[in-house]
C-alpha cells in the first residue's frame, strides 16, 4: 500500500519536472502498443482463419473402425450399411468436436501469450523510450542551462553543440549566434555609455575650469569675465549639440513612427544652403548633381542624416578642397552620395567610423564634432529600411553612400 501511495506522487513529480520527456515516452509507448495490437490482431485473424473447427474425413478413414463396431454388435447383414453410416457419422462428430476444442485452445494460448509478451515489451519500450527521450532532449537541457547562466555580465559562454546537423543543433547554433549578438550589443552599449559620459564630462570640466580660474583672480576685470562667459557659452553649446545628437540617435534606434513623402535632392540642397558660411570659410569647391530622389520617412531624421553627411564633408576637409553631392533614383532605390577631399584614410578603419564617438586622429581636429555624425547616419538609414556604406578615396578623403527605398507614388 505504501508503494502504491508513493507511485502517484512520483508520477506527478516526473510530470512537473520532465513534462516533455514524459510526453515523448508516452508517445513512444503508445505508438508501440498501437502497432503491437494491430500486429497481434492481424496474426490472430490469420491463425483463426487457418484453423478449421471441422476435421474433413473420407470414408476409408473410419470405414474399418465402423465395420469392427458393427461386427461386435452382431448387426444383421441387411442393417450393416446403415450401422456403418451411423458409426462413421458419430466418429466424424467426435473428430469435429476435438478439432473445435483444439482450435479454441490454440487461439486461447495464442492470445494469452501474445498479450503477455506485448505487456512485457510495452514496459521495456517505456523504459527505453524514457532513456531515448532523455538523450534526445540533452541539447535542450544544455540550451536551458546556458540561458539561465546568461546575463549582462556573462554572455561569453557558448553551447557549441556537436553532432549531426539536425534541428536541435540548428537551434543550439542559433542560440549561440543570439548570445554573440547580445554580447556585442551589450559591449557596444557599455562603450557608448562610457564614451557619452566622457564626452559630457568634457564641457562641464571646461566650464568649471574657466569659472574657477577667473574667480581665483583677486582683481577680476570686465574683459576676464567676458572671456570666461565666452568659454562657458562655447562649452554649453558643445554640450547642447552632444545631447541633441544623443537624443537623435536614441530616436532613430527606436524606429520611425512618422512616415511622410520627402525628396533627398531637396534636403541636400537645403543642407548645402545652411552650410554655405562654413563652406566659404574653408573654402571648398562644391560640385552637385541633385536629381529627384523621392522617399518616405521621418523628415526630421532624414534631414539630420543629410545635414550630418554634408557637415562631416565640410568639417573633415582640407583648405581649398572639394565636396561632391549626388542624389537620384535607380531601380526603385533612391541614393545620396557625398564625397569630399581630405586626409588619406586606411580602408580597415572605415567601418569603425560608424561607431559612436570613434574618431580617426586626422578627422578629429574640429572641436565642433560630437563623434556621432556617421553613427546617426547609419541608425537613421537602418530605421528607414535602407543601408549606408563608405569607402576611402585613393587621393584622400571619403565617399559615403546612402540607399533608401523609393516612395511609391
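The values are calculated or read from the model by the stated rules, or taken from the named source; none is laboratory data. Everything numeric in this text was worked out from a predicted model, so none of it was measured. Using ideal geometry, Cβ is built from the backbone for each residue, glycine included, and neighbour counts are taken over all protein chains shown.
Screening the range 10-54 for residues that are within 30 Å of residue 92 (Cβ to Cβ) and exposed (fewer than 11 other Cβ atoms within 10 Å of the Cβ) and picking the one that is modelled with the lowest pLDDT gives 50.
Of the residues 210, 227, 150, 185, the single one that is more than 30 Å from residue 24 (Cβ to Cβ), touching a helix residue (DSSP H, G or I) at 6+ places or on another chain (Cβ under 7 Å) and either in the same structural domain as residue 22 (by TED's automatic domain parsing) or surrounded by 11 or more Cβ atoms within 10 Å (Cβ to Cβ) (or both) is 210. Residues in the range 262-290 that are surrounded by fewer than 14 Cβ atoms within 10 Å (Cβ to Cβ) and either part of a loop (DSSP other than H, G, I, E, B) or not assigned by TED's automatic domain parsing to the domain that holds residue 306 (or both): 283 only.
Test each condition in (1) over 23 Å from residue 30 (Cβ atoms); (2) in the same structural domain as residue 21 (by TED's automatic domain parsing); (3) exposed (fewer than 12 other Cβ atoms within 10 Å of the Cβ) for residue 104 and report the one that comes out false. That leaves (3) as the condition not met. Mind checking which residues of the range 392-409 are farther than 19 Å from residue 345 by Cα and in a loop (DSSP other than H, G, I, E, B)? Passing the criteria: 407, 408, 409.
Would you mind stating whether residue 319 is without any contact (Cβ under 8 Å) to a residue 40 or more places away in the chain, more than 34 Å from the chain's Cα centre (by Cα) and surrounded by fewer than 20 Cβ atoms within 10 Å (Cβ to Cβ)? So residue 319 passes the test. Considering only residues in the range 329-355 that are surrounded by 16 or more Cβ atoms within 10 Å (Cβ to Cβ) and without any contact (Cβ under 8 Å) to a residue 60 or more places away in the chain, the one that is farthest from residue 381 (Cα to Cα) turns out to be 343. Taken as a whole, the condition of being buried (at least 19 other Cβ atoms within 10 Å of the Cβ), modelled with pLDDT under 90 and touching a strand residue (DSSP E or B) at 6+ places or on another chain (Cβ under 7 Å) does not apply to residue 369.
Scanning the range 118-135 for residues that are exposed (fewer than 15 other Cβ atoms within 10 Å of the Cβ) and closer than 28 Å to residue 174 by Cα gives 131, 134, 135.
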